[in-house]
Amino acid sequence: MCSFHCPSLASCVEFVLKTDKTASVAGKINGTMLALGLCYDSRKAKNGDIFFCKGRDFHPDYLIDAVSKGVSCVICPKKYSYMASPDYPIFIFTDKVREVMARLSAFFYGFPMDKLTSVAVTGTKGKTGTSQMLKDVLNGKNGIRAEILRDLTDGDLTTPESPDLHRAAFDALNRGATHLICEISSQAVKDLRTHGVTFDIACFLNFSPDHISPAEHCCVEEYFLCKASLFLNCRRAIINASSDFGRQILGLCQKNSCPTVTFSCEREDTDLTAHDVICSEGGCSFTVCDNRDSSSERLFLSAFGSYNAENALCAYAVAKLLSVPRPDVFRALAASKTAGRGTVLTSVDRRISVIVDYAHNGLSFEKILNETRSLYPDSSITAVFGCPGNKAFVRRHQLPEAALKYADRIIICEDDSGSEGFERISDMMLENAEKLLSSYPEPEKTQKRASISLCKSRERAVENAVFSAYESRLSSVIAVLGRGDDRIMRAENGSIPCKSDVEIAQNTLHRVNERIELSAAFKPSSTMTDKKMLIALPENNSMIRSAVSSLLPFRNVRAALYCQGRYAPLIRDICYENGRLCHVCERSSDFLNECDFCFRSGNLPVFLSDEGQFPAFCSLISFLSFDTAVYISDKKGILIDGRTYVSALSYENAVLIQDRTRAADIAPLTAALKLGASEALLLDGTVLRALPAYLCGGSVCGTVVKKAT
């Protein structure tokens, strides 16, 4: 356990002046005052905090806001020296605010990174997956307790700002951690968030152009240099030497006499190699060859995709450096899973697979979509993805390009569009996709003519893709890419909670599975396909949803809906979620033809009325010659005999029973028969499953009235 005592403000000021010879101070220091916290966001500033003025978008109003909240010290660029005043707190002026913030954060929390074994993981893709594998491998082995830095912070940055980083390291110590695994982004290195930290082990996974924008890196060269400079501040390095970028970092480490371990799935001249990689829907396996001692052993992973072999080799290399026994490493890697990273969900009939992955840049898209096409060569592939706003503009070209190579259908949806807005981002992606298609030779252009559509709602996009696959009856794969298990969406109106892609996929497949099971259990009766049904819905949202959902799988049954007009949007949503379309039939001279056209095209005709339920329902029965009428009531226990099994009545008996207590409930049924229907059903909310049973020619749990024969 590591106790924390706030340092004095005087000691903090003294530390800054000692480590930054260019800094100057304005104001009188109270020797007994404590520094109660560190803050760089004026909205979160509290009394007694040390406040840092950092960032290219910093505005003097933020400084004034922080001072009004009682901060004890302000550390800011020299250009704000005019703001010093006897009425204000202590000011420290320096043009190295980020360096000072990083060093002072370490000092404030007692240099916690020095008390942990720290492992840095960097690369364009695979940081989170590798970090999780490494945590699973290390925990419980040889007295090790590992934590992942990202799990200890609340922000949405891959690598937190330096005050949050050192506070998280301090918290990890308090939780009994011995090792801290840190995902290090190039932006973190550029912004000096890890300044002053020397990592015990630094891992390089891969590199490809990304994060090029005014808010990130000015060019690919700067992006790579930021990645590479991490290896100037580590004691040992583990490097994927498959690419020229990896070999450049290897040369940098050798030049600085930093011990290295190299690995590759493509080269034979590295310390660790992977041979005979075999992949399936359930994971992958390969042989780990350690060329240092000529040993080899087969490793199994539960993670989807051969690209995870490189991540596993990296985790294995770290574990070996930390003296974790090989059998323990292999067992942990075989069991390691990360939600939303290569997660594969499958329908009960194995015909539809949904792959959820965090892939969000050109390299990761190329890897996972290539893998998907290899594993599912005969399946239709739909890619669902978007691009973030205000950053990584190159993705708006890279992601559609990769998707066009492998997907048969593309749905572009929202993904952290921020203040830029979905419409602008999606327009750019569509434009880039069209340019790519026009640049292909004619045979290739025809071959790559994927269907491209827009759907802002991510949940709707996934539902559309999955239910379209269900309706197609073809073997299908839906790749939902970019967000994984993220539950916060950065939208135009700020950060808002949202369902993760994993949750959306699970919920959608659950609904599809219900329909598959229903279709397997119930086959529509041939007599029902020759009849026309009119189903009157109650004024109850949940019952409408249940009734419509239970009807939708029966595409070859000619059923129409009748309801009050205000429920039309709900029915449209239910049909859309289930991969069907509804069509509101307008009252016109072509009313009958319009309804028949819906039946032929597979749409669901819906009739609306703001009149009373009963009269309009009866008029439709008469005018459109429906054979069967179904009347669903929102009452409970309306069965004529009060029981929950079949109540089949002849028309004559139904007329006789109208004098009894529930006579009003029978009225719609007897009226329907008088107006030409041959059969009428009365159901309530407790027996809606009777509707599928009836369509399949089974017994009905409800009241059935039949015309006398």
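The values are calculated or read from the model by the stated rules, or taken from the named source; none is laboratory data. Everything numeric in this text was worked out from a predicted model, so none of it was measured. Neighbour counts run over all protein chains shown; Cβ positions are idealised from the backbone, glycine included. SASA here: full protein model, heavy atoms, side chains in, ligands and nucleic acids out. Shrake-Rupley method; radii C 1.70, N 1.55, O 1.52, S 1.80 Å.
Tabulated results
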{"item": "Amide N of segment 99-132 lying under 18 Å from the label point, which is placed 7 angstrom from the Cα of residue 328 along Cα→Cβ", "result": "117-119, 132"}
{"item": "5 angstrom amide H check on residue 488, placed H, neighbours 5+ away", "result": "498"}
{"item": "Contour minus Cα-Cα distance for residue 298 and residue 95 (0.36 nm per residue)", "result": "67.7 nm"}
{"item": "Positive-end residue, the chain charge dipole about Cα centroid, Cβ charges, pick of 605, 537, 260", "result": "260"}
{"item": "Total charge dipole magnitude, segment 391-517, about the Cα centre, Cβ charges on Lys, Arg, Asp, Glu only, Debye to nearest 20", "result": "160"}
{"item": "Heavy-atom accessible area per residue - the chain, 1.4 Å, Å²", "result": "42"}
{"item": "Per-q log10 I(q)/I(0), the chain, q = 0.07, 0.09 Å⁻¹ (Debye; single scatterer per alpha-carbon; no solvent)", "result": "-0.65, -0.90"}
{"item": "Accessible heavy-atom area order of 473, 460, highest first, probe of 1.4 Å", "result": "473, 460"}
{"item": "Interchain or long-range residues, amide H under 5 Å from residue 387's placed H", "result": "415"}
{"item": "Whole-Hz ³J(HN,Hα) from phi, Karplus 6.51 cos²θ - 1.76 cosθ + 1.60, for segment 48-65, glycine and proline x", "result": "x, 6, 9, 10, 9, 9, 9, x, 5, 9, 5, 10, x, 4, 5, 4, 4, 4"}
{"item": "5 angstrom amide H check on residue 159, placed H, neighbours 5+ away", "result": "185"}
{"item": "Cβ-Cβ FRET estimate between residue 513 and residue 21, R0 fixed at 51 Å, reported to 0.05", "result": "0.15"}
{"item": "Theoretical gain in end-to-end length, residue 667 to residue 68 [0.36 nm per residue, Cα-Cα removed]", "result": "208.3 nm"}
{"item": "Value of Rg to Rh for segment 237-322 (Rh from inverse mean 1/r over Cα pairs, i.e. Kirkwood)", "result": "0.99"}
{"item": "HN-Hα J in Hz across segment 571-576 - Karplus 6.51, -1.76, 1.60, θ = phi - 60°, x for Gly and Pro", "result": "5, 4, 4, 4, 5, 4"}
{"item": "Stretchable slack from residue 277 to residue 428, in nm (0.36 nm times residue separation minus alpha-carbon distance)", "result": "50.6 nm"}
{"item": "Percent carbon-and-sulfur accessible area, segment 368-437, ignoring ligands, DNA and RNA, probe 1.4 Å", "result": "46"}
{"item": "5 Å binning of all Cα-Cα separations within segment 84-124, expressed as whole percents from 0 upward", "result": "5, 16, 14, 17, 18, 13, 6, 5, 4, 1"}
{"item": "Hz values of 3J(HN,Hα) by residue in segment 400-411 - Karplus curve (6.51, -1.76, 1.60), Gly and Pro given as x", "result": "x, 4, 5, 5, 5, 5, 10, 9, 8, 9, 10, 10"}
{"item": "Cα-based Kirkwood hydrodynamic radius, segment 331-477, one decimal, Å", "result": "16.0"}
{"item": "Segment 29-112, Rg to Rh (Cα coordinates; Rh as Kirkwood inverse mean 1/r)", "result": "0.93"}
{"item": "Inter-label distance, nm, simple model (7 Å from Cα along the C-beta direction), residue 28/residue 82", "result": "2.7"}
